[in-house]
Amino acid sequence: LIRIKPFYDFDTGTIMPKFPYGKVPFWILLIAISTGVFNLVVALSKRGEKPDLVFVSFARSHMEAYEEATEEFQKEHGVKVQLQLVSARTVKSRLQNAFLTNANVPDVVEILADTMGTFTKGPIEDVGFVDLTDRLHAEGLYDRFVESRYSRLSRLGRIFALPHDVHPLMLCYRSDLVEKLGIDVHTLRTWDDFVEMGRRITNDLDGDGNPDRYALDLPANGDMLTPLLLQRREPLFTKNGQLKINNHTVEDTIIWYIHQSRGKNRIAFSAGWGQTLAQTVTDGLVLFYFCPDWRTKYFETDTPHLSGKMKLMPLPAWEIGGSRVSTWGGTGLAITKACKNQKLAWKFAKVLYLKAEDLGKRFKASYIIPPVKDAWDLPEFKEPVPFYTNQPIGALYAEMAKDVPSNYASPYYGLARNKLNEVFINAALYYDRNGDDGLREYTKKELVRVSAYVENRAQHNIFYRQQIANKYDE
């Protein structure tokens, strides 16, 4: 404890406590104590105030974009909406546990699309989210969204969340270096064309035995497998919930991925994230990068010195005339059944996801394409972006968004994706030891193994098993 003795202050003519460290530290301490007491009183006074809606999101950028719209919504409806920022993993685990134990849950929540299956393992009528299907059709909203984005947020044809985004996938590249090397991106119509170019320009420039330039950024753990399969219209599950990772197309894609990322003929390098990625782009170690709409803002923010040296192009197709777009990532907004004012929550959800002027501003702040098709006509989506050599990237991504493939939700989606990556890693290690000799047979055997494992896990869920059987019979 600090001993404080009284003393006479000749400046003010009052008796003051004597603080051993001087008057200035004393007043700082007094202000700090007063502020603390004030905050405590305010907090205690608000303990009894319950918000009309509690909204939870895992994305800080989303939350910042929603603040203005939320303030306007509160004034218009005379209500209080509490915004809470929580990590994605926490949202998934706490929400799942809360549904199981009937604990308190938020009224409105944003979730990663990949996790929707986690909440739909039981009977459809027991899903903890409000079924939005009929509302969307009754209010004429269904057709305003990109239809394929509902697939990530549905089970057995029932939609449990509004899609937040489309996340079309293109390639971003160092245009200055590509042009210097004499590469015409318009000739890269297929992945065969791209690999041929990659083998030509991936080489060791200083003679140390390691390539100093690569054509493509490919994660070493196989994380791009799912987007590449989606480009080939090969989702992990069918619309009816059947697992479909054990087929010739999946084998081909795994082996293609291994050939590009390993061995003496590799054309790819794993550039990572954050500062490592920024340095790789800056050094020109890799020329082309997989780039969903959300990643364009990261490049602009993390490598501003490359303004005017970056461009976007469609993905090369797997065959002539094939699809040149895929998707990577996704989020949805759901209303929980525990919400006491679902009508108010629905109005709030529509304000966040459908207000045109806000969608234009949010695109400029994030470069994320909304799934609301009529928003693409807003001027913000047509503006040239200096960082990307004045390309109108909003219009480019919007054009791609029309053909983004469906990716169907399943309670076992995360497990299937992890097991698919396991096959890739095992096959890659096999390739390191044995080359192509027996690689396809080994990959096929691994796919059979993990498919059986996932299907066995699914068969233990009687509700899910019956749902699949019923839909399959239809």
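Descriptive notes on the structure:
- Residues being open to solvent by 10 Å² or more (accessible area, probe 1.4 Å), farther than 30 Å from Y353 by Cβ and not charged (D, E, K, R) - total across the range 143-189: 8
- Pick from the range 357-397, criterion within 20 Å of F145 (Cα to Cα) and in a loop (DSSP other than H, G, I, E, B), ranking: most open to solvent (accessible area, probe 1.4 Å): K382
- Of all residues in the range 224-241, those satisfying the criterion of being under 18 Å from the mean Cα position of the chain (by Cα) and not aliphatic (A, V, I, L, M) are T226, P227, Q231, P235.
- Subset of the range 406-452 (residues that are in a loop (DSSP other than H, G, I, E, B), at pLDDT 95 or above and either on the phi > 0 side of the Ramachandran plot or crowded, with 20+ Cβ neighbours inside 10 Å (or both)): G435, G438
- Filtered residue count, the range 190-202, keeping only those that are open to solvent by 50 Å² or more (accessible area, probe 1.4 Å) and in contact with a strand residue (DSSP E or B) (Cβ under 9 Å, 6 or more places away or on another chain): 2
- Close pairs (6 angstrom Cβ cut-off, 6 or more residues apart or separate chains): of a type in the set (S, T, Y) in the range 370-386, open to solvent by 40 Å² or more (accessible area, probe 1.4 Å) anywhere: none
- Among the residues of the range 245-296, those that are without any contact (Cβ under 8 Å) to a residue 60 or more places away in the chain, among the β-branched types (V, I, T) and more than 21 Å from D436 (Cβ to Cβ) comprise T276, T282.
- In the set (1) open to solvent by less than 70 Å² (accessible area, probe 1.4 Å); (2) in a loop (DSSP other than H, G, I, E, B); (3) in contact (Cβ under 8 Å) with a residue 24 or more places away in the chain, G140 fails one condition alone, (3).
- Test: E455 is charged (D, E, K, R), more than 30 Å from K264 (Cα to Cα) and either open to solvent by 80 Å² or more (accessible area, probe 1.4 Å) or at pLDDT 95 or above (or both): yes
- Within the range 340-355, the set of residues being in contact with a helix residue (DSSP H, G or I) (Cβ under 6 Å, 6 or more places away or on another chain) and open to solvent by 10 Å² or more (accessible area, probe 1.4 Å) comprises just one member, V351.
- For the range 261-283, taking the residues that are under 25 Å from the mean Cα position of the chain (by Cα) and closer than 26 Å to L447 by Cβ, the one that is least open to solvent (accessible area, probe 1.4 Å) is identified as A268.
- Given (1) of a type in the set (S, T, Y); (2) more than 20 Å from the chain's Cα centre (by Cα); (3) modelled with pLDDT of 95 or more, index of the condition Y397 fails: (2)
- Matching helices (runs of 4 or more DSSP H) fully within the range 147-244 where at least 2 residues are out of contact with any Phe, Trp or Tyr (no Cβ under 9 Å at 6 or more places or on another chain), among the charged types (D, E, K, R) and free of Cβ contacts under 8 Å to residues at least 24 places away in the same chain: 175-180, 191-201
- Residues being touching a residue at least 60 places away in the same chain (Cβ under 8 Å) and either in a loop (DSSP other than H, G, I, E, B) or out of contact with any helix residue (DSSP H, G or I) (no Cβ under 7 Å at 6 or more places or on another chain) (or both) - total across the range 300-316: 7
- Look at (1) at pLDDT below 90; (2) among the aliphatic types (A, V, I, L, M); (3) in a loop (DSSP other than H, G, I, E, B) and you find that V79 fails only one, number (1).
- Qualifying residue in the range 158-169 (condition: more than 25 Å from V130 (Cα to Cα) and modelled with pLDDT of 95 or more): yes
The values are calculated or read from the model by the stated rules, or taken from the named source; none is laboratory data. Source: prediction; values computed, not measured. When we count neighbours, we look across all protein chains shown, and the Cβ atoms used for this are built from the backbone with ideal geometry, even at glycine. For accessibility, only protein heavy atoms count, side chains too; no ligands or nucleic acids. Shrake-Rupley method; radii C 1.70, N 1.55, O 1.52, S 1.80 Å.
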